[in-house]
Each structure stands twice: as C-alpha cells, then as structure tokens.
Amino acid sequence: MIALRSLVFNALFYLVLAVYLVAALPTLLMPRRAIFALARHWARVNLAMLRVICRIGADWRGLEKIPQGAILVAAKHQSAWETFALLALFDDPTFIVKRELLWLPFYGWYARHAGMIPVERGGGKPVLTAMAAHARAALADGRQLVVFPEGTRRAPGAEPRYKYGVAHLYGECGVPCVPMALNSGLFWPRRRFMRYPGTIVVEVLDPIPPGLPVDEFFARLQREMETATASLLGNRE
C-alpha cells in the first residue's frame, strides 16, 4: 500500500505542479505578492495531498519564536518537502537558490519575479559579496531570508556539511537568525520514489541575536541545529 500511495501522490504532485505553473503566468504582470499567494496555496495543496494520500502529517513546533519582520532563517535540508512547505509559513520570503535554477522555463521566470537570490556554487568571495548585497536589500524590505546552510539535501543522520555562506550573511545583514531543525528525510527521502507515513516535525529553535562574532555564530548554529535534528531523528513517529 505504501508503494501504491507513493505512486498516486507523485503522479498528482507533478500534475498539480504543472497546473499551477501555467495558472501562475498572469502573476508575472502583478506585484510579487501575487505569485507568493499562489505559491502558498500550492504548498498547502501539497501538504493536504500528503496527509490524505500518504498519511504524512506535519507538526510545526515553536512558531511563536519567529520574530516579526526581517529575519534570517537557517533550515535543515533533507528532502524536497521543505522547499515548498516553508512557503506556507512566511509572509514575504526570499530563498537563496542555485543560479542555474533561474535558467529553467516557468520556475526561473517566477523565481526572478519573486526576488529569489541566485548564488553560484564555488564562486568565491565575489559571489558572497553579491549574495550579501541582494540579501541586505531584501531584508530592508522586511522580508524573511531563507537559506539551507548545507547548500543541498543531506540524508538523515549524514555527517553535516555546513557552508560558511550562512555565517557571512549573518555577519553582513545584522538581523536575528532563526534556526529550524526537521526530520523530513525520514518520510520523504531524497532521490527516492517512496513516501512513508508518519509525522514530519519542524522545530523552530530560539533565535540567535545579531551581533555575535561570526565564527561564534557559525559554531553555535551548527551545534544547536544538529542537536535538535538528532533528537527529532531519534523520536520517529
């Protein structure tokens, strides 16, 4: 039954995605909030399909800890789930995305219009400088900057590989950082067809205030996120 449910969900997921990509075309002529309104609706549809078809629920813990206004969000990245689920959480988010994604038809158009921040992997200091400039501009508008500090999906329990870019952003932007631990990879494994029933838990940790030495922040972020994530992985439902 799990394989059948996974097959049905995956087929519907891509069908729904195609419908929303076409339906969103008029938003290219509207303010960016129009595309975010549609994206949040798409995210909620996906969460509902997961709940009904695959019996995968979501438990959001600590949402009251999220400050209002401009913040840096550092989220664990284990699967595709958080790339859409977090859209339903924030008012005006912007994500750090791989530059090559902006070359894709439809997605690239919407990402540019929504003000996503492209980054070229391995680009060195000039790339970090440009990324920080874009980030400061977005935060000045009161947006929520979402970054996956490891840069790519990592399987549950895999050795963490945090990139220093998140520390650079923290030092340059002067806003609180909100760490988020999760266990999505247990139920939506990366590069896998199967979707396993259970509850995906997202735990919002205590915000890290601005102004800490960058190296101290970087060490604290990794320590707190990995401790919380290990706890979630050890309490699978």
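No lab work stands behind these numbers, since they all come straight from the coordinates. Quick caveat, the model's predicted, so the values are computed rather than measured. Methodologically, a virtual Cβ is constructed for each residue, glycine included, from the backbone with ideal geometry; neighbour enumeration extends over all protein chains shown.
Quick notes on this structure:
- Relative contact order, percent, the chain [alpha-carbon distance under 8 Å, six or more residues apart]: 27
- All-pairs alpha carbon distance profile, the chain, 5 Å steps from 0, percent: 1, 6, 14, 18, 20, 18, 14, 7, 2, 0, 0
- Charge dipole (the stretch 58-233, unit charges on Cβ, about Cα centre) - positive-most of G174, F187, M131: F187
- Counting only Cβ charges, +1 for Lys and Arg and -1 for Asp and Glu, the dipole size of the stretch 58-233 around its Cα centre is about 680 debye.
- Proximal aspartates and glutamates to K125, defined as alpha-carbon separation beneath 20 angstrom and excluding residues fewer than eight positions away on the same chain: E100, E150, E172, D215
- Projecting the Cα positions of S231, Q144, G198 onto the charge dipole of the stretch 58-233 (unit charges on Cβ atoms of Lys, Arg, Asp and Glu, taken about the Cα centre) puts G198 furthest along the positive direction.
- Span-like helix check, the chain: qualifying full DSSP H segments, with Cα axial length of 15 Å or more and mean Kyte-Doolittle of -0.5 or more, are 2-23, 32-49, 125-140, 214-233.
- Annotation for D91 and K65: the two label points, set 7 Å from Cα along the Cα-Cβ direction, are 2.1 nm apart.
- Virtual spin-label span in nm between T199 and R136, 7 Å along Cα→Cβ: 4.4
- Ellipticity estimate at 222 nm from DSSP helix runs (n ≥ 4, -39,500 (n - 2.57)) divided over the chain, nearest 500: -13000 deg cm²/dmol
- Cα centroid separation, the stretch 6-39 to the stretch 176-237 (Å): 27
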